[in-house]
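The values are calculated or read from the model by the stated rules, or taken from the named source; none is laboratory data. For clarity, every value in this text was computed on a predicted model and none was experimentally measured. Heads up, the Cβs are rebuilt from the backbone with ideal geometry, glycines too, and the neighbour counts pull from every protein chain shown. Just the protein is used for accessible areas: all its heavy atoms, side chains included, with ligands, DNA and RNA removed. Shrake-Rupley method; radii C 1.70, N 1.55, O 1.52, S 1.80 Å.
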Amino acid sequence: MDFTISDLRVVALKESKFVKPFSILYTQDGKDKRWDCVEAHDSVSCLLYHREFDSFLFVRQFRPSVWYYQDKNQIQNKNGLTYELCAGIMDKGLDAKATIIEEIMEETGYSIDNIERVTSSFTALGFGANCQVLFYAQIDESMKLGLGGGIDDEKIELVFIKRSEILDFIYDESKIKAPNLQFSILWWMINKKAKFD
């Protein structure tokens, strides 16, 4: 998939429907303190294992914040592309399970109803403290009802990583990924791997 990015520029944030910056003032041990924060939506994510392909399915997409980091730190070969679990924010009034089932269909084209809740964790603790619920699901080609790739103007590429190559993938620092992806593989190795050996 071609990710052609042009005219990228950084501007001040005035208002957003996704994040709200604010400061917290408080006193700790008699000393006045201030902490700058960002309020963001809770979210969901899912580790997808494709039985027939013996592979994990991830999504790859352009993240402007990653591009900005790469540019600011003068990283060669910057492209802002990340490998992620299928995921989404909880902004439609649905519960976590309904949200991730909808996101899986939109992003990957697979229609599922059998999904396992793994755990939840907090992300961006230093400035944002929002909760993400992690799920796991097995898929096969009988569940493929759409192309995936996201909705509206989203551009999401599907990436299958063979189970035999997954450890190399999660340790490959040239492929940008979040800790929840790496944690989900560790969880799978402990809880599911024996069923497929």
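Altogether, the Stokes-Einstein calculation at 25 °C and 0.890 mPa s, with the Kirkwood radius of the stretch 1-68 over Cα pairs as Rh, returns a diffusion coefficient of 144 µm²/s.
Between residue 78 and residue 122, the modelled label-to-label distance comes to 3.1 nm, taking each label 7 Å out from Cα in the direction of the beta carbon.
Taking the 1.4 Å solvent-accessible surface of the stretch 5-74 as the whole, the part contributed by carbon and sulfur is 50%. The slack in the chain from residue 113 to residue 22, taken as 0.36 nm per residue of separation less the alpha-carbon distance, amounts to 28.9 nm.
The stretch 77-132 and the stretch 151-189 have Cα centres lying 13 Å from one another. In terms of its Cα atoms, the stretch 47-98 spans 39, 34, 11 Å along the principal axes, sorted from long to short.
Computed over protein heavy atoms with a 1.4 Å probe, the accessible surface of the chain works out to 64 Å² per residue. Taking a straight line from the alpha carbon of residue 155, these lysines sit under 21 Å away, with near neighbours fewer than eight places off in the same chain left out: 17, 78, 92, 144, 175, 177. The angle between the Cα long axis of helix 96-108 and the longest principal axis of the Cα atoms of the chain comes to about 70 degrees, rounded to the nearest 10. Each stretch of four or more DSSP H residues adds -39500 (n - 2.57); spread over every residue of the chain, this sum gives -6000 deg cm²/dmol at 222 nm.
Compared with the rule-of-thumb size 2.2 N^0.38 Å for a compact globular protein, the stretch 81-146 has a Cα radius of gyration ratio of 1.20.
Comparing the stretch 77-191 with the 2.2 N^0.38 Å rule of thumb, its C-alpha radius of gyration ratio is 1.10 (two decimals).
Name the shape class, rounded, prolate or oblate, that the alpha-carbon gyration tensor gives for the stretch 136-196, where a ≥ b ≥ c are the square roots of its eigenvalues, rounded holds for a/c under 1.5, and otherwise prolate holds if a/b is larger than b/c and oblate otherwise. Oblate is the answer for the stretch 136-196, as a/c is 1.5 or above yet b/c matches or exceeds a/b.
Gain on full extension, evaluated as 0.36 nm per residue between residue 167 and residue 7 minus their Cα-Cα distance, stands at 54.0 nm. Across the chain, the mean sequence separation of Cα contacts (distance under 8 Å, 6 or more residues apart), normalised by length, yields a relative contact order of 23 percent. What the Kirkwood sum gives for the chain is a hydrodynamic radius of 18.6 Å, with every pair of different alpha carbons counted.
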